[in-house]
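Beneath this line is the structure, given in structure tokens, with notes to follow.
The values are calculated or read from the model by the stated rules, or taken from the named source; none is laboratory data. From a predicted model like this one, the values you see are computed outputs, not experimental measurements. All Cβ positions, glycine included, derive from the backbone under ideal geometry; neighbour counts span all protein chains shown.
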Amino acid sequence: MKTLTQANKDYLLSIGYKPCDFKQIQKAISVTTYMDENNTKLSKEQAIDLLGVNTYLSGISRSSFHWSSCRQTTDGKISIFFDSSKLFK
């Protein structure tokens with residue numbers, strides 16, 4: 001995911017974000033780092049594959065305004081940590 005699609009934006013709107021938030025979320029997508037609970041670095045694509053698009057969007061949007069967030073896979077076996085602190089430097 002390089003850019004937010006209309007479907008992504010529609011989902012973000014449905015969970016309470018506003019169109020004015022999209023720019024910040026888009027920036028976060030390009031600078032956020034991802035790690036699992038074992039401190040293994042993951043790519044953005046791996047995070048999306050493990051979490052699914054909507055859970056990923058929930059995590060990246062939260063992280064884009066709060067430095068970090070964490071989301072779990074649907075089976076609860078893997079936690080993915082989002083670190084968007086680079087946005088705030």
Quiz item: Got at least one residue in region 66-78 being part of a helix (DSSP H, G or I), of a type in the set (S, T, N, Q) and out of contact with any Lys or Arg (no Cβ under 6 Å at 6 or more places or on another chain)?
Solution: no
Quiz item: Identify, please: which residue in region 21-68 is of a type in the set (A, V, I, L, M) and out of contact with any Leu (no Cβ under 8 Å at 6 or more places or on another chain) and is, among those, surrounded by the most Cβ atoms within 10 Å (Cβ to Cβ)?
Solution: Ile60
Practice problem: Working only within region 8-20, note down all residues that are without any contact (Cβ under 8 Å) to a residue 12 or more places away in the chain and surrounded by 12 or more Cβ atoms within 10 Å (Cβ to Cβ). | Solution: Leu13
Quiz item: Could you list, in sequence order, the residues of region 47-59 that are in a helix (DSSP H, G or I) and either out of contact with any helix residue (DSSP H, G or I) (no Cβ under 8 Å at 6 or more places or on another chain) or hydrophobic (A, V, I, L, M, F, W, C) (or both)?
Solution: Ala47, Ile48, Asp49, Leu50, Leu51, Val53, Thr55, Leu57, Ser58
Quiz item: Is there any pair linking a residue in region 70-83 that is touching a residue at least 40 places away in the same chain (Cβ under 8 Å) and surrounded by 13 or more Cβ atoms within 10 Å (Cβ to Cβ) to one that is of a type in the set (Lys, Arg) and in a strand (DSSP E or B), with Cβ under 8 Å and at least six apart or on different chains, and which?
Solution: Ser79/Arg71; Ile80/Arg71; Phe82/Arg71
Quiz prompt | Out of Lys9, Lys2, sole residue that is basic (Lys, Arg) and modelled with pLDDT under 95 | solution = Lys2
Quiz item: Out of all the residues in region 1-46, which are over 19 Å from Phe65 (Cα atoms), in a helix (DSSP H, G or I) and within 13 Å of the chain's Cα centre (by Cα)?
Solution: Glu45, Gln46
